[in-house]
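Colleague: A single structure is presented below for examination.
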Amino acid sequence: MELVLFLIAAGIIFYLYKTFQGYLSNPIVPTDRDILQPQRQQDYVEERPILSPKEKLKRTEYGIIVSILGRLSFADDKSCMLEERLVKGIIDDMAKDSDQPGELYLEIYKESRNDDIQELAELFASETIGQYKKRVKIVEFMFALAYADGNFSQEEEDSIINVAAILEIDNADFNHLYDSFKALNEEYVPLTKEEAMKLFGLNDGFTKEELDSKYNDFFKQKRQNVIDPRNLGKPYNESGGQDLRKISEAYAVLLKEVD
């Protein structure tokens, strides 16, 4: 019995020996599928919408200002020649300073009728951190637009108050603007035809071309570039703003004489 067990053990050992010898003679070569390949990590690229030139411009500081002014102008669905000229003036200044087409700014202005003025104010606030004087200047210009037709509506007042609050305009500064524009409007006396002609230096028989020329010259002289940093500390009404209303009314009075 012991001999049998010995022979079995010897056979197993011999088999294992021969198998190991065969493995050494013919090692198993792994195929490409058996080798783990490092996986390349794909870069994640966020898909962003392609913006049109107008949409890009609308997101800039100037684009936001124009949207705010447009939303204010359409608040009461009223407009006048002075308001339109003031808007054209600031758009011309922005176009020149940014080297962008004025037509795009004008489109943004006209399309802002239904924009949320609080959201616009928040965007402007984020663009003007640490630029308090610029914020005050824009609020001041909003008052100028609102009073351009001599009628400060409740809708315009609410819009300006909302913007001023979000821009964190100091109460003293806001009240000064509010009271000064209100006082000037209450003190304003309509012009007669004779006073208008004297203001423009025109005589009886003047033509529309002469009237337009006089008005344009006066407007250029009196209009303040509100986006010019040099004008941030110059009060609008003391720098020709109130004169613009007077010459605009004079123009409207005399225009009836040549129509």
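Colleague: Count, please, the residues in segment 182-202 that happen to be in contact (Cβ under 8 Å) with a residue 40 or more places away in the chain, in a helix (DSSP H, G or I) and open to solvent by less than 80 Å² (accessible area, probe 1.4 Å). Write out each step before concluding.
Modeller: Start the filter on segment 182-202 by keeping residues that are in contact (Cβ under 8 Å) with a residue 40 or more places away in the chain, which leaves 184, 188, 190-193, 195-197, 199-200, 202.
Remaining after also requiring in a helix (DSSP H, G or I): 184, 193, 195-197, 199-200.
Next, from what is left, pick out any that are open to solvent by less than 80 Å² (accessible area, probe 1.4 Å): 184, 193, 196-197, 199-200.
Adding up the residues that qualify gives 6.
Colleague: I'd like to check something: does segment 159-180 contain any residue that is closer than 15 Å to Q242 by Cβ and either modelled with pLDDT under 95 or surrounded by 13 or more Cβ atoms within 10 Å (Cβ to Cβ) (or both)?
Modeller: Restricting attention to segment 159-180, the residues satisfying the condition of being closer than 15 Å to Q242 by Cβ are 177, 179-180.
From the residues that got through so far, the ones that are either modelled with pLDDT under 95 or surrounded by 13 or more Cβ atoms within 10 Å (Cβ to Cβ) (or both) too are 177, 180.
Looking for residues that are closer than 15 Å to Q242 by Cβ and either modelled with pLDDT under 95 or surrounded by 13 or more Cβ atoms within 10 Å (Cβ to Cβ) (or both), one finds at least one in segment 159-180, hence yes.
Colleague: I'm trying to understand the selection: among the residues of segment 203-234, which are surrounded by 12 or more Cβ atoms within 10 Å (Cβ to Cβ) and either closer than 17 Å to I90 by Cβ or among the β-branched types (V, I, T) (or both)? Reasoning before the result, please.
Modeller: Residues of segment 203-234 surrounded by 12 or more Cβ atoms within 10 Å (Cβ to Cβ): 206, 208, 210-219, 222-228, 231-232, 234.
Hits for segment 203-234 are N216, F219, K222, R223, Q224, N225, V226, I227, D228, N231, L232, K234.
Colleague: Let me ask something additional. Given E156, E107, which one is at pLDDT 95 or above, open to solvent by 70 Å² or more (accessible area, probe 1.4 Å), part of a helix (DSSP H, G or I) and on the phi < 0 side of the Ramachandran plot? Walk me through it before giving the result.
Modeller: On the way: E156 fails: open to solvent by 70 Å² or more (accessible area, probe 1.4 Å).
From the options E156, E107, the qualifying one is E107.
Colleague: Now, a different point. Go through (1) under 30 Å from V189 (Cα atoms); (2) in a loop (DSSP other than H, G, I, E, B); (3) among the β-branched types (V, I, T) one by one and return the number of the condition I129 breaks.
Modeller: (1)
Colleague: Right, something else. Taking segment 235-250 only, how many residues are open to solvent by less than 50 Å² (accessible area, probe 1.4 Å) and over 21 Å from F174 (Cα atoms)?
Modeller: 6
Colleague: Whether any residue in segment 134-147 is at pLDDT below 95 and open to solvent by 40 Å² or more (accessible area, probe 1.4 Å) is what I want to check.
Modeller: No: zero hits.
Colleague: When both residues are 6+ apart or on different chains and their Cβ atoms are under 6 Å apart, which pairs have a first residue that lies in segment 155-173 and is under 15 Å from L123 (Cα atoms), and a second that is of a type in the set (D, E)?
Modeller: Matching pairs, first to second residue: I166/E122.
Colleague: Cβ-Cβ below 8 Å, separation at least six or inter-chain, first residue in segment 205-217 and at negative phi, second of a type in the set (S, T, Y): which pairs?
Modeller: Final answer for the pair search is L211/Y251; Y215/S248; Y215/Y251.
Colleague: State which residue pairs qualify: first residue at pLDDT 95 or above and small (G, A, S) and inside segment 69-84, second residue surrounded by 18 or more Cβ atoms within 10 Å (Cβ to Cβ) and not in a helix (DSSP H, G or I) in any location, beta carbons under 9 Å apart, and separation of 6 or more residues or different chains.
Modeller: Here the result reads G70/S112, each pair linking segment 69-84 to a residue that is surrounded by 18 or more Cβ atoms within 10 Å (Cβ to Cβ) and not in a helix (DSSP H, G or I).
Colleague: Select from segment 203-252 the residues that are hydroxyl-bearing (S, T, Y) and touching a helix residue (DSSP H, G or I) at 6+ places or on another chain (Cβ under 8 Å) and list them in ascending order. Walk me through it before giving the result.
Modeller: Initially, segment 203-252 is screened for residues hydroxyl-bearing (S, T, Y), giving 207, 213, 215, 236, 239, 248, 251.
Passing the criteria: T207, Y215, Y236, S239, S248, Y251.
The values are calculated or read from the model by the stated rules, or taken from the named source; none is laboratory data. Keep in mind that what you see is a predicted model, and the values were worked out from it rather than measured. No Cβ is skipped: glycine too gets one built from the backbone with ideal geometry, and neighbour counts run over all protein chains shown. What goes into the accessible areas is simple: the full protein's heavy atoms, side chains included, and nothing from ligands, DNA or RNA. Shrake-Rupley method; radii C 1.70, N 1.55, O 1.52, S 1.80 Å.
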